[in-house]
Amino acid sequence: AQRVTQPEKLLSVFKGAPVELKCNYSYSGSPELFWYVQYSRQRLQLLLRHISRESIKGFTADLNKGETSFHLKKPFAQEEDSAMYYCALRTGGQNFVFGPGTRLSVLP
Amino acid sequence: ETGVTQSPTHLIKTRGQQVTLRCSSQSGHNTVSWYQQALGQGPQFIFQYYREEENGRGNFPPRFSGLQFPNYSSELNVNALELDDSALYLCASSSLAGGETQYFGPGTRLLVL
């Protein structure tokens, strides 16, 4: 079965501290992983995808097929990073499986 | 370039009723996906339409149906509403069925009493 887990519902860090949002997936095929973000009073939007291997707003994520993980990392958190983060898995075509989300709170 | 719009923003229905939710895709996009997001959960994929044809479906019963029109706008219809259908319904548009970035609308919040 296809599944995405995000073990932390809420993660609080201080400004300037490193942050890691965990994401694990289960899928028998070749996975395509994404991170979506929703800032307060804004729409859900794509943050990054593993295929692009890019850094967006200082965030990076590496797909680890051995550990079936796609953790999101940023070395120095900023207050404007506070948001809801969703990890998502695309399984064939356009079927996206989203995780339950982690709320990141960056404290001043 | 206009973004994805959805209507209505919120509505209240009673159990057993039918509801139609609408989505206008972003300019230039020919693919629309619908998601259901229950409180405290991530979005769940309902189905996708590409060039007016259903192009994938999640684990939702047949009483969830949809349409896409020639201008690529879309409707989500839910018959025989149940209390558990109460959720935020999100629409997302993209430019290709194969994998372009999805742009989400603001959602329609449905409450079933």
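The values are calculated or read from the model by the stated rules, or taken from the named source; none is laboratory data. Just so you know, these numbers come straight off a predicted model, no measurement behind them. A quick note on method: Cβ atoms are made from the backbone with ideal geometry, for glycine too, and the neighbour counts reach across all protein chains shown.
Number of residues in the stretch A:78-103 that are facing another protein chain (nearest Cβ under 8 Å) and crowded, with 17+ Cβ neighbours inside 10 Å equals 10.
Within the stretch A:37-63, if we keep just the residues that are loosely packed, with under 13 Cβ neighbours inside 10 Å and at pLDDT 90 or above, the residue that is farthest from the chain's Cα centre (by Cα) turns out to be A:41.
Could you pull out the residue among B:60, B:69 that is surrounded by fewer than 18 Cβ atoms within 10 Å (Cβ to Cβ), more than 10 Å from every other protein chain (Cβ to nearest Cβ) and under 18 Å from residue A:97 (Cβ atoms)?
On the way: B:69 fails: under 18 Å from residue A:97 (Cβ atoms).
Criteria check complete, one pass: B:60.
Cβ-Cβ distances below 6 Å connect the following pairs, each with a first residue in the stretch A:26-43 that is more than 12 Å from chain B (Cβ to nearest Cβ), a second residue that is of a type in the set (Lys, Arg), and a separation of six or more residues or different chains: A:26/A:3. The residue that is surrounded by the most Cβ atoms within 10 Å (Cβ to Cβ), counting only those in the stretch B:33-57 that are in a loop (DSSP other than H, G, I, E, B) and more than 13 Å from the chain's Cα centre (by Cα), is B:42.
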